[in-house]
Each structure stands twice: as structure tokens, then as C-alpha cells.
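The numbers here are math on the coordinates, done by the rules we state, and not lab data. Since the structure is predicted, the reported quantities are computational estimates derived from the model, not experimental observations. Note: ideal-geometry Cβ built from the backbone for every residue, glycine included; neighbour counts use all protein chains shown.
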Amino acid sequence: MQVKNVNLPITVTGRHVSVTEAMREHAEKKVAGLHLDYPKIIEAKVLLNVEQDRHIAEIILFCANHIVIEADTTTSDMYASIDETISKIARRMRKHKTRMLKSHRPKLREKEMRFLEEAVYAADLPEEPEEDHEPTIVHKEKYKVKHLYSDEAIMDMEMNEKNFILFHDAKRDCLACLYKKDDGEYGLISPIEDN
């Protein structure tokens with residue numbers, strides 16, 4: 001078991017705040033002290049930001065096997081933000097390791113049935129007024145498409161707490177979108193193959 005990360009390159013950067021030596025040492029000590037036996041951390045970046053009275057600590061770990069783990073926390077104290085972010089990363093890593101162990105065990109239970117509650121709606125529902133609202137794009141983001149298998153995409157999505165992930169399906173050699181449904185299960189959208 002990897003007890004301590006040896007010679008781990010850790011970059012501590014401040015936005016809207018000058019990083020003191022004490023803050024730098026605290027962040028480096030916490031990241032280097034992560035007790036992880038999987039995956040091996042290759043590089044770590046710590047971004048410290050202050051917006052008014054909000055202290056934000058974001059930590060990004062670049063690990064072996066192309067695994068990227070990121071977490072951030074906002075509190076009123078920078079040291080508390082760093083500590084809470086490290087706790088989030090440790091929880092995600094334990095969850096990832098458990099998922100890896102479970103995926104290598106044979107599945108014993110059969111698919112269980114789910115029962116939905118019956119609901120009766122009144123026949124005279126009021127009509128909703130139509131809005132003359134033109135949809136607009138309010139957020140644009142560049143997104144790196146990775147070559148993954150669907151189970152790897154699920155692990156990547158859970159580690160970064162995303163609602164969806166767009167990836168190049170390595171099994172089918174096509175673009176695919178994996179998303180989390182309301183019931184906790186996953187859905188996969190992929191193109192139809194032309195024959």
C-alpha cells in the first residue's frame with residue numbers, strides 16, 4: 001500500500017490572493033499525505049482563490065491510467081477549504097477503488113423489479129400559458145473528448161460529479177454520451193450505424 005506520495009510535483013497557485021508560505025506548506029502537506037494505494041498520483045495542482053469573503057480551494061490530481069480527480073470547496077477560511085477538498089478527494093478515491101473491486105467480482109443478484117406508485121390526475125388540468133421566449137445559449141465550454149470504454153466513462157463521471165460525459169467509445173469506435181438518470185442508473189446515447 002502506498003503510504004505517502006514521494007517526490008510528488010505539487011503546484012500551488014493563487015487567484016486574487018497572494019499565497020503565503022504557511023498556506024503553501026499546508027496545501028503541499030495535505031496533498032502529499034493522501035494515503036492512496038490506487039491510482040498512483042503523478043502531479044497535483046492546488047488553486048486557491050478569494051472572492052469577497054469566500055475562500056475557494058480547488059485541487060486537481062493527475063494520476064496513472066489517465067485518471068483525473070478534481071474537487072473544490074468554498075468556505076470562509078482557506079485552511080478549512082483545503083482540508084474539506086482533500087476529504088472529498090479521499091472519499092472519491094475510496095469509491096473508485098470499491099467500484100473497481102466490485103467490477104471484477106461475478107454478479108450474483110438478478111435484475112430487480114421496480115414498482116412505480118400509481119397516480120391519478122384530474123382530467124381538467126389548466127393549460128399553461130405559452131411564453132414568447134427565444135432560447136439562447138448562456139454558457140459555452142470547451143470539452144476534451146477521451147477514448148474510453150463505457151465502464152471507464154461511468155467511473156470518470158462519478159469521480160468528477162458530472163451529470164453527463166461525452167466520450168469516444170473505444171469498443172464501438174464512435175462518439176457516445178453517458179448520462180445519469182433520476183433513478184440513479186445510467187443512460188447511453190450513441191449513433192445508429194448505417195448499413
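Between Asp173 and Lys142, full extension at 0.36 nm per residue minus the direct alpha carbon distance yields a gain of 9.0 nm. Distance cut-off 18 Å, Cα to Cα: go down the list Lys88/Lys181; Lys45/Lys88; Lys40/Lys95; Lys146/Lys171; Lys97/Lys144; Lys102/Lys181 and report the pairs above it. Violating the 18 Å limit, Cα to Cα: Lys88/Lys181; Lys97/Lys144; Lys102/Lys181.
Between Glu51 and Asn163, residue separation times 0.36 nm minus the direct Cα-Cα distance comes to 37.7 nm. Using the Cβ of Leu166 as centre and a radius below 12 Å, the other residues enclosed give a net charge of +1, where K and R count +1 and D and E count -1. Given R0 = 41 Å, the distance between the Cβ atoms of Asp183 and Asn7 translates into a calculated FRET efficiency of 0.35. Taking every C-alpha pair closer than 8 Å and separated by at least 6 residues, the mean separation divided by the residue count of the range 146-189 gives a relative contact order of 31 percent.
At a threshold of 8 angstrom on Cα-Cα distance, excluding pairs fewer than six apart, so keeping six or more, what relative contact order does the range 10-103 reach in percent?
Across the range 10-103, relative contact order equals 24 percent.
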